[in-house]
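Data block below; observations after.
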Amino acid sequence: MAYYHILKERRTNLKLSIQDVSNQTRLAPQYIQAIEEHNLDVFSDDFSFVRYFVHAYCDAIGVNWQAIADEVDMDINEVAHQKDMALTMAQRRMVEQMASVQKKKKSSTKKKKSWFQKHVSRTSSSLSTNQSQLIKVLVLIGIVGLCVLSIVNFGLRAISNQKLQTQEALRQEQLSKKEQETNKLANQRQKAKEAAALVVEKISDETNAYQLSNIQSDVKKLDLSITLPTKSKITVTKDGETINDDTKVYTGTFTQSLELSENCTFEISIETYSDNSITIDGKEISFDKTDWQEGQPAVITLQVGKGNQKETEEYSEYDSGYDYGYSDEYYGQEGDYTYDQNEYTEQTNDY
């Protein structure tokens with residue numbers, strides 16, 4: 001399909017009128033109509049702006065200019081060549097017609113003339129010679145004028161092409177700057193995203209225990225995802241309280257939202273472990289099989305902040321009432337280990 005048919009069909013599909021496109025491109029409506037109808041004569045033999053007009057038309061309606069640029073250039077060159085050939089043929093026909101007129105005048109029948117006729121003939125011949133010379137001069141002037149016009153047209157076309165190249169270079173430079181700015185913003189956003197990303201660190205002195213940090217203040221929950229190659233029950237607890245249906249047998253992919261609090265501990269138990277893939281907000285969490293035996297549940301602990309302090313507090317209470325294992329027998333019967341002052345002094349002296 002020719003490029004001008006593509007432009008017209010695209011405009012029609014977008015339900016845009018020629019005036020709508022004219023308002024966007026600031027091109028006269030007759031130029032837009034001439035492009036769609038392939039009537040390049042409207043451009044008054046100056047085809048240097050046709051390429052620019054078609055390019056602007058493509059940008060306005062979303063047609064890929066690069067896909068039709070070569071076709072547009074070939075079409076413009078072909079039309080310009082046809083115009084030049086027509087002009088050359090017209091000049092050639094004009095010269096031929098003038099030459100035939102001169103031959104007809106020279107081939108006139110010679111007759112015997114009187115002195116008056118000879119005088120008139122000489123005068124007429126002189127005038128005819130002058131006229132022929134005038135015609136030759138006029139033809140020469142016409143040819144020179146056409147050459148001058150061709151040179152001027154070529155110069156204007158070269159200037160127009162140079163201007164279009166300059167504009168295109170400026171446009172490419174602007175596009176390059178915008179692309180650099182876009183890439184810079186994308187890098188900044190990527191760095192900001194990475195800086196705000198969740199950090200998952202393994203707690204060194206514990207097995208399958210992880211510390212979750214760098215959680216942004218506006219993040220209220222984390223997404224847990226577990227792939228399940230085989231059917232399995234899964235239990236997820238927060239500070240010892242189950243937050244999912246632990247009686248259900250899950251298949252495929254298990255997902256659970258972990259609602260956060262300032263200091264909390266999550267525990268994930270996979271009843272039938274089979275190299276499951278475990279992620280928290282896209283962060284991979286590995287399961288260490290060092291102390292794990294086949295058939296046992298796989299348990300992973302996630303600690304947010306300082307974690308749940310409940311166990312530590314219970315240990316303190318338990319420690320305060322701890323029985324060190326000493327009985328009353330160590331001291332004797334109740335009340336027997338109380339000495340009076342004299343006994344204590346005597347025992348001390350003996351010692």
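The values are calculated or read from the model by the stated rules, or taken from the named source; none is laboratory data. These figures come from a predicted structure and were not determined experimentally. Here the Cβ is made from the backbone with ideal geometry for all residues, glycine too, and neighbour counts use every protein chain on show. Please note that ligands, DNA and RNA were not included when accessible areas were found on the heavy atoms of the full protein model with its side chains. Shrake-Rupley method; radii C 1.70, N 1.55, O 1.52, S 1.80 Å.
Matching residues to (1) in contact (Cβ under 8 Å) with a residue 24 or more places away in the chain; (2) open to solvent by less than 80 Å² (accessible area, probe 1.4 Å); (3) part of a helix (DSSP H, G or I); (4) polar (S, T, N, Q):
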position	(1), (2), (3), (4)
GLY155	no, yes, yes, no
SER160	yes, yes, yes, yes
SER176	no, yes, yes, yes
GLU179	no, no, yes, no
LYS184	no, no, yes, no
ARG189	no, no, yes, no
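Residue check: is LEU40 over 23 Å from HIS81 (Cα atoms), of a type outside the set (Ser, Thr, Tyr) and open to solvent by less than 70 Å² (accessible area, probe 1.4 Å)?
no
Can you find, within the stretch 1-36, the residue that is surrounded by the most Cβ atoms within 10 Å (Cβ to Cβ) among those that are farther than 24 Å from SER160 by Cα and acidic (Asp, Glu)?
Looking at the filtered set, the residue picked out is ASP20.
Among the listed residues VAL79, VAL139, VAL120, VAL72, identify the single one that is out of contact with any Pro (no Cβ under 7 Å at 6 or more places or on another chain), more than 30 Å from ILE35 (Cβ to Cβ), part of a helix (DSSP H, G or I) and modelled with pLDDT of 80 or more. Before the answer, list the steps.
On the way: VAL79 fails: more than 30 Å from ILE35 (Cβ to Cβ); VAL120 fails: modelled with pLDDT of 80 or more; VAL72 fails: more than 30 Å from ILE35 (Cβ to Cβ).
After applying the criteria, what remains is VAL139.
How do the pairs read when you match residues in the stretch 18-40 that are within 14 Å of TYR4 (Cβ to Cβ) with residues anywhere that are part of a helix (DSSP H, G or I) and of a type in the set (Lys, Arg), using Cβ under 7 Å and keeping only pairs 6 or more apart or on different chains?
Short answer, once both residue conditions are applied: VAL21/ARG11; GLU36/LYS8.
Does the stretch 263-281 hold any residues that are more than 19 Å from ALA209 (Cβ to Cβ) and open to solvent by 70 Å² or more (accessible area, probe 1.4 Å), and which are they?
GLU271, ASP275
Tell me which residues, restricted to the stretch 210-268, are assigned to a loop (DSSP other than H, G, I, E, B) and either among the aliphatic types (A, V, I, L, M) or under 22 Å from GLU284 (Cβ atoms) (or both).
ASN214, ILE215, GLN216, VAL219, ILE243, ASN244, LEU260
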